[in-house]
Every structure is written in C-alpha cells, then in structure tokens.
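All remarks here apply to the structure that follows.
The values are calculated or read from the model by the stated rules, or taken from the named source; none is laboratory data. Small disclaimer: the values here were computed from a predicted structure and weren't measured. Don't worry about glycine lacking a Cβ; one is built from the backbone with ideal geometry, like all the others, and counts go over all protein chains shown. Remember, those area values only see protein heavy atoms, side chains included, never the ligands or the DNA or RNA. Shrake-Rupley method; radii C 1.70, N 1.55, O 1.52, S 1.80 Å.
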Amino acid sequence: MNRDASATMVVAVDPSPAGSTAFREALRLAAAIEARVVAVSVTPKYEGNLNRWAIENAEEELSRPFRQCLEEARRMSVGTHVALKTEHQVGAPVECIVDTAVREGATLVVIGYPVRSYMERIILGQTAERIVGLCPCDVLMVPEGAKVDVRRILVGVDGSRYSVEAGKRALELASLFGGEVHGLTVLDVPVDRSLLYGVMDEARHKHFFALETLSQEGGLRGVKVVTAMREGNPYETIVGYGEENDIDLIVLGSFGRTAVVRFLLGSVVERVAAISLRPTLVVKGATAGGNTGS
C-alpha cells in the first residue's frame, strides 16, 4: 500500500454495517495513498425457484439493497477526490470479488467483518480464507465499526519469505504514515519435540535472527521497531499481544495465490481475523499491478 496514484483498491460492499465500515475505511485509506477505488456489491445467486414465491421481478428485488449500498457508497465519496467505480454483480460473492480484483489489477482488496458470536466468526473466517487464498493481492479485513490506523503495527515473524514480505509491508506503512512496528515471533514447538536436545534453542535462534533482520531494516528506514518472542498458540498469542499493546493493525504473511492460507506453523490467518477486533492485513507477496509471487 504505497502512495501511488495508479494503485487500485477493490472493496466488497453489502447492505450490512460491516460492508459500510469496509467502504468507509477503504475510502479513508484511498484518499491517504491517492488510490482509486472499485466498490463491488454482489447479490448471491438464488438457485431455487423464485416463481413459487410469486415475486415479480424477483432478481431485481433481491438486488435492490445491494444496489442501494452502492448508491450510498457514491454519496460517501462526494468531496473526497477519490476516483470511484461501482459495480453490481450477481453470483458467488467470493468468485466475483476475486475476479474483480484480477480484472482491475488491484493492489488491495478490502472486506468487512460483522460483529457476531465466536463460532459465527470462525465460520465467516473460512469465507475470508477463501478470498485471501484466491486473491492475487493483499487483503485487508476490517471488523465492523473499526478504524484502520497505522500508529502501531504488529507483524508476525517466523523467518519464512512470506513473513519477510509481511515485515516489508509493515515497515512501508509505518514509514509512510509515521508509525511504529512490533515484530512478534511465536514458538509453537510440540512438547515431544521441545524435549529433544537443542530443538527449542534452534527454534529460538532462527526466530531471533528474523526479528533482528526486521529491526535492522526498520533502522535503515527510520522506523521504530519493537521485537518480542513468545511461546504458545500462534493465533491466540498474536491477538493477545495486540490487545496488550494497543495495536492498530495486524499484518500477517500468507502463501501465494492458492486455496490454502497458512501462517507460522499452522493455518491461523482466518482465526486471527475471526477473533481479533483489530483490522488484519494479509500480505500475499510483492504486489505490482495485481501480480504476486507464489
């Protein structure tokens, strides 16, 4: 998310408060980095027989609230000087959002998270996981009612090239907006392996080196970097650290454009986003006009 007038953000909007939050924050971010915004609202395709409900123009009626939220988006953009394009589509939301991101050469996709129960958020996280896994670019997940800020950015570090890309993105944002970066590595070594001689020390050494690299890179960019190493469950530790340190944005690295999203030692991106009340940015690797490495 560099300041680049050619950058394009795709934001998923729907009639829910979460959809409104996502667009509001996408608009704020786009104004700050001088990006254009493509707002897409998708009416889920109804596979049943609408005639049995005796509804005239059934598809039009089903689409009405989705078109209305695009009208609201246009009203919200007035006076912001953000170039806005709106699209209404009918189909599978995940596929439509991903296809739009590919077609528009998006550098960022923004989606909203509703306030729901823990189990509902976990289920919703599986939908978000599909979007993250299939999108060709970074994905920003914004909880309902939240604001995207970058004063304190938490990035998960494990030494993989995916977390290295996440660290770079976190430093870019901190440098651009004058924030600070917290680098956190989580040791999640199974008990049976931790008892083996040298296994835990080796893990600590590997992750310490990754944190030191992040800190040194921050120094070169003039960004304050705070580092921490903890043991425990990765996603619970990440979310807990965010709460303890008043983190504004969580940044995680992911594999490339595949159907599987993984972070640190397990698939926890969707779990972090599901239980955290803070916006989560999932970095898909170096982005340039929507292209990403795998």
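Select from segment 63-79 the residues that are of a type in the set (Gly, Ala, Ser) and at negative phi and write down the one among them that is surrounded by the fewest Cβ atoms within 10 Å (Cβ to Cβ).
Result: SER63.
Residues that are of a type in the set (D, E, K, R), more than 17 Å from VAL239 (Cα to Cα) and modelled with pLDDT under 90: does segment 167-181 have at least one?
no
For segment 148-184, name all the residues that are small (Gly, Ala, Ser), in a helix (DSSP H, G or I) and surrounded by 21 or more Cβ atoms within 10 Å (Cβ to Cβ).
Correct list: SER163, ALA166, GLY167, ALA170, ALA174.
Hey, among the residues in segment 190-224 that are open to solvent by less than 30 Å² (accessible area, probe 1.4 Å) and closer than 16 Å to GLY156 by Cβ, which one's modelled with the lowest pLDDT?
ALA203
Say we look at segment 225-244 and pick out the residues that are polar (S, T, N, Q) and over 10 Å from GLY183 (Cα atoms); which of these is modelled with the lowest pLDDT?
ASN233
Name the residues in segment 245-269 that are modelled with pLDDT under 90 and either open to solvent by 70 Å² or more (accessible area, probe 1.4 Å) or of a type in the set (S, T, N, Q) (or both), would you?
Across segment 245-269, the qualifying residues are SER254, PHE255, ARG257, THR258, ALA259, VAL260, ARG262, LEU265, SER267.
From the list VAL142, VAL132, VAL109, VAL102, which residue is farther than 30 Å from GLY219 by Cβ, at pLDDT 90 or above and in a helix (DSSP H, G or I)?
Selected residue: VAL102, the only one of VAL142, VAL132, VAL109, VAL102 that is farther than 30 Å from GLY219 by Cβ, at pLDDT 90 or above and in a helix (DSSP H, G or I).
Restricting to segment 15-42, what's the tally of residues that are touching a strand residue (DSSP E or B) at 6+ places or on another chain (Cβ under 6 Å) and among the aliphatic types (A, V, I, L, M)? Show your work before the answer.
Of the residues in segment 15-42, the ones touching a strand residue (DSSP E or B) at 6+ places or on another chain (Cβ under 6 Å) are 18-19, 21-23, 25-26, 30, 35-42.
In the following step, the residues that additionally are among the aliphatic types (A, V, I, L, M) were identified as 18, 22, 26, 30, 35, 37-40, 42.
Summing the residues that are touching a strand residue (DSSP E or B) at 6+ places or on another chain (Cβ under 6 Å) and among the aliphatic types (A, V, I, L, M) in segment 15-42 gives 10.
Those residues that are under 20 Å from ARG230 (Cβ atoms) and of a type in the set (A, V, I, L, M), I need them from segment 154-179; list them, please.
LEU154, VAL155, VAL157, VAL164, ALA166, ALA170
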